[in-house]
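The values are calculated or read from the model by the stated rules, or taken from the named source; none is laboratory data. Here the structure is a predicted model, which is why all the values come from computation and not from measurement. Cβ placement follows ideal geometry from the backbone for every residue including glycine, while neighbour counts extend to all protein chains displayed. In case anyone asks, the SASA skips ligands and DNA or RNA and just uses the protein heavy atoms, side chains included. Shrake-Rupley method; radii C 1.70, N 1.55, O 1.52, S 1.80 Å.
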Amino acid sequence: MSLNQYANLVITQPNCPYCVKAKAILDQRGVEYTTLVLGTDLEKQAMIDFVFEKAQVTVNTVPQIILNGEYVGGHDDLVAKLEREELEADAFGDFEL
(Lines give C-alpha, C1' and ligand atoms only; values in the text may rest on other atoms or scores of the structure.)
Protein backbone atom coordinates (compact mmCIF):
# COMPACT_ATOMS: atom_id res chain seq x y z
CA MET A 1 0.00 0.00 0.00
CA SER A 2 1.32 3.42 -0.96
CA LEU A 3 0.49 6.07 1.60
CA ASN A 4 1.12 8.73 -1.04
CA GLN A 5 -2.28 7.88 -2.54
CA TYR A 6 -4.00 9.74 0.31
CA ALA A 7 -4.36 13.50 -0.04
CA ASN A 8 -5.81 13.79 3.46
CA LEU A 9 -4.67 11.19 5.96
CA VAL A 10 -4.78 10.80 9.73
CA ILE A 11 -2.71 7.99 11.22
CA THR A 12 -4.07 7.03 14.63
CA GLN A 13 -4.11 4.31 17.24
CA PRO A 14 -6.82 3.16 19.63
CA ASN A 15 -7.34 5.12 22.86
CA CYS A 16 -5.44 8.18 21.63
CA PRO A 17 -7.06 11.39 22.92
CA TYR A 18 -5.07 13.65 20.59
CA CYS A 19 -6.15 11.53 17.62
CA VAL A 20 -9.78 12.01 18.62
CA LYS A 21 -9.25 15.78 19.03
CA ALA A 22 -7.48 16.14 15.68
CA LYS A 23 -10.20 14.23 13.84
CA ALA A 24 -12.89 16.32 15.57
CA ILE A 25 -11.19 19.52 14.35
CA LEU A 26 -11.10 18.20 10.80
CA ASP A 27 -14.70 17.00 11.04
CA GLN A 28 -15.84 20.45 12.26
CA ARG A 29 -14.20 22.00 9.22
CA GLY A 30 -15.75 19.49 6.83
CA VAL A 31 -12.42 18.01 5.77
CA GLU A 32 -12.70 14.55 4.22
CA TYR A 33 -9.82 12.28 5.21
CA THR A 34 -8.79 8.67 5.47
CA THR A 35 -7.98 7.20 8.87
CA LEU A 36 -5.39 4.45 9.18
CA VAL A 37 -5.01 2.72 12.54
CA LEU A 38 -1.56 1.58 13.65
CA GLY A 39 -1.42 -2.15 14.21
CA THR A 40 -4.58 -2.74 12.17
CA ASP A 41 -4.21 -0.87 8.88
CA LEU A 42 -0.56 0.07 9.12
CA GLU A 43 2.56 -1.02 10.98
CA LYS A 44 4.41 1.57 13.03
CA GLN A 45 7.60 1.24 10.98
CA ALA A 46 5.65 1.96 7.79
CA MET A 47 4.37 5.19 9.39
CA ILE A 48 7.86 6.18 10.53
CA ASP A 49 9.30 5.52 7.06
CA PHE A 50 6.46 7.35 5.30
CA VAL A 51 6.75 10.49 7.44
CA PHE A 52 10.53 10.48 7.09
CA GLU A 53 10.19 10.22 3.31
CA LYS A 54 7.56 12.99 3.28
CA ALA A 55 9.13 15.46 5.73
CA GLN A 56 12.60 14.22 6.70
CA VAL A 57 11.59 13.92 10.37
CA THR A 58 11.47 10.84 12.55
CA VAL A 59 8.23 10.43 14.49
CA ASN A 60 7.09 7.89 17.05
CA THR A 61 3.74 9.37 18.06
CA VAL A 62 0.23 9.69 16.71
CA PRO A 63 -1.69 11.29 15.24
CA GLN A 64 0.30 11.99 12.10
CA ILE A 65 -1.62 14.20 9.71
CA ILE A 66 -1.31 14.83 5.97
CA LEU A 67 -3.50 17.52 4.40
CA ASN A 68 -3.63 18.27 0.70
CA GLY A 69 -0.68 15.91 0.27
CA GLU A 70 1.50 17.95 2.64
CA TYR A 71 2.81 16.74 5.97
CA VAL A 72 1.28 18.72 8.86
CA GLY A 73 2.49 16.79 11.92
CA GLY A 74 0.49 15.95 15.02
CA HIS A 75 -2.48 17.51 16.81
CA ASP A 76 -0.60 20.57 18.07
CA ASP A 77 0.87 21.16 14.61
CA LEU A 78 -2.63 20.98 13.11
CA VAL A 79 -3.94 23.54 15.59
CA ALA A 80 -0.98 25.87 14.90
CA LYS A 81 -1.41 25.53 11.13
CA LEU A 82 -5.10 26.36 11.29
CA GLU A 83 -4.48 29.33 13.60
CA ARG A 84 -1.83 30.68 11.18
CA GLU A 85 -4.23 30.30 8.27
CA GLU A 86 -6.97 32.14 10.16
CA LEU A 87 -4.61 34.99 11.10
CA GLU A 88 -3.46 35.32 7.50
CA ALA A 89 -7.05 35.36 6.27
CA ASP A 90 -8.01 38.00 8.86
CA ALA A 91 -4.96 40.13 8.13
CA PHE A 92 -5.71 40.39 4.42
CA GLY A 93 -9.47 39.82 4.41
CA ASP A 94 -10.42 43.43 3.66
CA PHE A 95 -7.37 44.25 1.57
CA GLU A 96 -7.94 45.11 -2.07
CA LEU A 97 -5.43 45.77 -4.79
Taking Ile66 and the conditions (1) in contact (Cβ under 8 Å) with a residue 60 or more places away in the chain; (2) surrounded by fewer than 17 Cβ atoms within 10 Å (Cβ to Cβ); (3) of a type in the set (Val, Ile, Thr), which numbered condition does it fall short on, given that it satisfies the others?
(2)
Restricting the search to the range 34-51, which residues are open to solvent by 40 Å² or more (accessible area, probe 1.4 Å) and touching a strand residue (DSSP E or B) at 6+ places or on another chain (Cβ under 6 Å)?
Thr34, Thr35, Lys44
Subset tally (residues that are within 21 Å of Lys54 (Cα to Cα) and either out of contact with any Pro (no Cβ under 7 Å at 6 or more places or on another chain) or in a helix (DSSP H, G or I) (or both)) for the range 1-25:
13
What number of residues in the range 49-87 are basic (Lys, Arg) and closer than 16 Å to Ala24 by Cβ?
1
